[in-house]
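Asker: Have a look at this one before I ask anything.
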Amino acid sequence: MVREGRKLLAMIPRGAQLVVLDETGKNHSSRELAAWLEKSLAGGSQELAFVVGGYQGIPEELKNKADKILSLSRMTFPHEIARTLLLEQVYRAISINMNLPYHK
């Protein structure tokens, strides 16, 4: 797990805000996620790097370096489902921030 954490850290673009997805992270409603995303991007972050843990979870080293630890749910999902849920929620957050009808 330590090796995996170091590999993941090496893949994070320099200057990107690191967001780790973990069941122990902060839960947000879609509107709260939209507000956080807008604030993060307005605050100068041009890039967000989302990391979904493996079946053993997220290495502590990675959690310690995270700018935010986010939870999609207290339940555990396979990578494919977690990535799909994350993508949909980011799309929904952008739609909320742009006042598009997707979320209404």
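Asker: Give me the net charge of residue 16's neighbourhood, meaning all other residues with Cβ under 15 Å from the Cβ of residue 16; Lys, Arg count +1, Asp, Glu -1.
Answerer: Value of the local net charge: +1.
Asker: Over the stretch 15-104, what is the relative contact order in percent, taking alpha-carbon pairs closer than 8 angstrom and at least six residues apart?
Answerer: Values: 116 pairs, mean separation 39.7, N = 90.
So the answer I get is 44 percent.
Asker: Something else: When the dipole is taken about the Cα centre of the chain, and only Lys, Arg (+1) and Asp, Glu (-1) are charged at their Cβ, what size is it in debye, to the nearest 20? Walk me through the intermediate numbers first.
Answerer: Numbers: 14 positive and 11 negative charges, 19 e Å.
Approximately 100 debye in magnitude.
Asker: Evaluate E = 1/(1 + (r/R0)^6) for residue 2 and residue 99, where r is the Cβ-Cβ distance and R0 equals 30 Å; express this FRET efficiency to the nearest 0.05.
Answerer: Working: r = 44 Å, r/R0 = 1.48.
FRET efficiency, residue 2 to residue 99: 0.10.
Asker: What's the angle, to the nearest 10 degrees (0 to 90), between helix 30-42's Cα axis and the longest principal axis of the chain?
Answerer: 80
Asker: Next question. Treating the angle as unsigned and between 0 and 90°, give the value, to the nearest 10°, between the Cα long axis of helix 79-97 and the longest Cα principal axis of the chain.
Answerer: Relative to the chain, helix 79-97 is tipped by roughly 30 degrees.
Asker: Something else now. So for the pair residue 91, residue 68, with labels modelled 7 Å out along Cα→Cβ, what separation do we get in nm?
Answerer: 1.9
Asker: Another question, then. At a temperature of 37 °C and a viscosity of 0.692 mPa s, determine how fast the chain diffuses translationally according to Stokes-Einstein, using the Kirkwood radius over alpha-carbon pairs as Rh; express D in µm²/s, rounded to the nearest whole number. All intermediate terms of the calculation are to be shown ahead of the outcome.
Answerer: Working: Rh = 14.3 Å.
This corresponds to a translational diffusion coefficient of 230 µm²/s.
Asker: Excluding residue 43 itself, what net charge comes from residues whose Cβ is under 15 Å from its Cβ, given Lys and Arg +1 and Asp and Glu -1? Before the final figure, lay out the partial values.
Answerer: Values: positive: 39, 68; negative: 38, 47, 67.
In short, -1.
Taken together, the values in this text are just the output of simple stated rules run on the coordinates, not laboratory data. Keep in mind that this is a model prediction, so the values were computed, not measured. Glycine gets a Cβ as well: all are built from the backbone with ideal geometry, and neighbour counts include every protein chain shown.
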